[in-house]
Amino acid sequence: MEAKPEKASLLARWTSHRAVDAAVVVVTFLIGIAVMTDTYRLGAGWARGGPQSGYFPFRIGAIICIASAAIFARTLVGAHRRNEPFVQWRRLRLVLAILLPTLVYILGIQLLGIYVASALFIAGFMRIAGKYHWVKSALVGIATAAVLFWLFELEFLVPLPKGPLERLLGY
Amino acid sequence: MDQIGLLLHGFSVALTWYNGGMMLVGIMLGVLVGVLPGLGAPNGVAILLPLTFGMPPTSAVIMLSCIYWGALFGGAITSILFNIPGEPSSVATTFDGYPLAQKGRAAEALTSAFTGSFIGALSGILLITFLAPLVARFALEFGPPEFFAVYLLTFCSFIGIGKSRPGKTILSMMLGFGMAAVGMDTMSGQLRLTFGRIELMQGIDFLVVVIGLFGLGEILVTMEEGLQFQGKSARIDPRIIFRTWGRLPRYWMTLARSALIGCWMGITPGGATAASFMGYGLAKKFSREPDKFGTGQMEGVLAPETAAHASGTSALLPMLVLGIPGSATAAVLLGGLMIWGLEPGPLLFVEQKDFVWGLIASMYLGNIAGLIVVLTTVPLFASILRIPFSIIAPMIIVVCAVGAYTVHNNMLDVWFMALFGIVGYFFKKLDYPLAPLVLSLVLGDKAEDAFRQTMLASKGSLAIFWSNWLVGSITAVALVMLLWPLISLLWRGKGDGAAISAPSVSG
């Protein structure tokens, strides 16, 4: 029983605003390292004809690392450390409720084409998150896809990704 | 005064049926993206940019800049009626706009916000009309060292003027430069930062980044905050418009002050958001009854809106003249110009007179049209906002996905858009400013070219940035801007540094 609050506080510490702040700059620090190593490989110095192609980005990578380290230091000792949670679980669920369907939707674009995927995405989101009647959800979804199709394929003549349904209909 | 003649010629370019129609379409779309959460001016322009490639460049830029005006007008609608800023630059408008609406004076608040916006925009355009050609003539003398010094000044001003922590501004900016370097190096033809992936060869397109950061990222933040639109009635009676206009002369000092601040903040990349807070802060400071601010003062609506719109408009001056955008939206427009083969910079004023003056003339017309459109269609846009978020949100995401795809007809871009949406969510929550990132992403290659050409000329010596008074003074100002946070820290250590307190908002 006693271990539980401690565990929760540990979790709280690792998900506090400043912990996430620090984690983000760890990632950007690694990005800086990656930029520096790749541009060093290309040559970050001075060739006979002038600066090599890694010259400028190598320095950018270095500044990324320095800035990341400085921000990281602030999260450790700064006066404005923010210990409150980065995001409350109940709010994070709302964010995930749109983010995860979005990722599935993008996968859907690849498999089904953008029109079918968009109709399913809008209808599904309305039905599940908005608790609309499925008929209304389906109508809004299909109507949006139809407007998209009319706008892009027929008006702007910009082809968007298509899937099996469009092939079946001869597009 | 040859500007007048050129401007009149510009009106003849802008005033065709086709361009006029594009203007109206742009304004309507702009107000729409301005009022919808998750769709702001930068990504509204970014999404529509690929669709305008088939249009004549002048018409396309007129439409896209009108989206910008529309969005600036539209941001005020949600601020006043729903207490939710549609754009970061209209946060300060909520302070007095929403209390006015609660008192049943929404129509007055809206009228003064729109009129303030219009006056702000007009001062910005007048500045562009008369100052831009002069600056352009001056800038024709610039060589690579001067251009790099000006780029340096732009980026250092973000650090000096920006509201975010300097470290975060620098990091955000450098990540932009890093992304700009991805792909083929234009000078040597070598592949940089692609890590062996062929997909990265053509680089990371700034449009995809903008749509992700400002579109999906904004939706995620909005979801977390749990938006609910419960607004006031939005009808505007014509009599109230004229009554409000009748009272405006009383506030001429506030208007003039805000317009000045806005123009200054627009030319230096301080941004519309910072300008609106400064406008509000100063109006409060100079007011005879500062205690009443926040309870529904007309001035509290006029001041931030005038400043924001003045800044948003004059941000186009450095973009056109020097190729340096003063705001995120201006950066996107600049990217568009480069895609059309219109290289922004002083030569534009010599070689593309039709385009430049057509655009400037369209700014006058677009803002007049914008004022009329918003005054008459507020109820329509307010009713769009009453559509529940569970319908609007997936639709906005669909629009973002389509926008990201159409940039290069590439599915990978849509995944990048999602990735940058997540990045945008974290950056917004951690107070990273996004505008410097977009700016350095758009300008990265040009800044690098200028730097390398300078280094070639000087054989690697940085002393070239002090070689004559022109480049030397620009570099000096840039360094002051860079060190400004330190200077003001020392300054504040001595006295009581409670200047203008404003909540930090990334613009």
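The values are calculated or read from the model by the stated rules, or taken from the named source; none is laboratory data. As the structure is a computational prediction, the values presented were derived from the model and not from experiment. Note that each Cβ is placed from the backbone with ideal geometry, even for glycine, and that neighbours are counted across all protein chains shown.
Residues in the range B:89-107 that are assigned to a helix (DSSP H, G or I) and over 22 Å from B:LEU282 (Cβ atoms): B:ALA101, B:GLN102, B:ALA106, B:ALA107. Of all residues in the range B:112-128, those satisfying the criterion of being under 19 Å from B:MET298 (Cα atoms) and aliphatic (A, V, I, L, M) are B:ALA113, B:ILE119, B:ALA121. Applying the criterion of being touching a Ser or Thr at 6+ places or on another chain (Cβ under 8 Å), more than 19 Å from B:GLY262 (Cβ to Cβ) and buried (at least 20 other Cβ atoms within 10 Å of the Cβ) to the residues of the range B:108-147, the residue that is modelled with the lowest pLDDT is B:GLU108. Within the range B:219-236, the set of residues being under 25 Å from the mean Cα position of the chain (by Cα) and modelled with pLDDT under 70 comprises just one member, B:LEU227.
Checking each residue in the range B:409-448 for being in contact with a Ser or Thr (Cβ under 7 Å, 6 or more places away or on another chain) and either among the charged types (D, E, K, R) or free of Cβ contacts under 8 Å to residues at least 60 places away in the same chain (or both) picks out B:LYS428, B:ASP431, B:ASP445. Determine whether the range A:11-32 contains at least one residue that is within 19 Å of the chain's Cα centre (by Cα), modelled with pLDDT of 90 or more, in a helix (DSSP H, G or I) and among the polar types (S, T, N, Q). Checked against the condition, which is being within 19 Å of the chain's Cα centre (by Cα), modelled with pLDDT of 90 or more, in a helix (DSSP H, G or I) and among the polar types (S, T, N, Q), the range A:11-32 yields at least one hit.
Name the one entry in A:ALA117, A:ALA138, A:ALA123 that is part of a helix (DSSP H, G or I) and in contact (Cβ under 8 Å) with a residue 40 or more places away in the chain. Result of the check over A:ALA117, A:ALA138, A:ALA123: A:ALA117.
Of all residues in the range B:299-327, those satisfying the criterion of being part of a helix (DSSP H, G or I) and β-branched (Val, Ile, Thr) are B:VAL301, B:THR306, B:THR313, B:VAL321.
Go through B:LEU412, B:LEU371 for me and flag whichever is more than 9 Å from every other protein chain (Cβ to nearest Cβ), closer than 25 Å to A:TRP150 by Cα and of a type outside the set (Lys, Arg). Being more than 9 Å from every other protein chain (Cβ to nearest Cβ), closer than 25 Å to A:TRP150 by Cα and of a type outside the set (Lys, Arg) holds for just one of B:LEU412, B:LEU371, which is B:LEU412.
Listed by first and then second residue, the pairs linking a residue in the range A:148-169 that is within 13 Å of chain B (Cβ to nearest Cβ) and in contact (Cβ under 8 Å) with a residue 12 or more places away in the chain to a residue that is in a strand (DSSP E or B) and surrounded by 14 or more Cβ atoms within 10 Å (Cβ to Cβ), with Cβ atoms under 6 Å apart and 6 or more places separating them unless they lie on different chains, are A:PRO161/A:GLY113; A:LYS162/A:GLY113; A:GLY163/A:GLY113.
One residue stands out in the range A:56-73 among those that are over 24 Å from the mean Cα position of the chain (by Cα) and more than 7 Å from chain B (Cβ to nearest Cβ): the one that is nearest to A:ASP21 (Cα to Cα), namely A:ALA73. Looking at the structure I just gave you, is B:ARG492 more than 9 Å from chain A (Cβ to nearest Cβ) and basic (Lys, Arg)? Judged against the criteria, B:ARG492 is a match. A:LEU103 passes every criterion in (1) of a type outside the set (S, T, N, Q); (2) more than 7 Å from every other protein chain (Cβ to nearest Cβ); (3) surrounded by fewer than 18 Cβ atoms within 10 Å (Cβ to Cβ) apart from (2).
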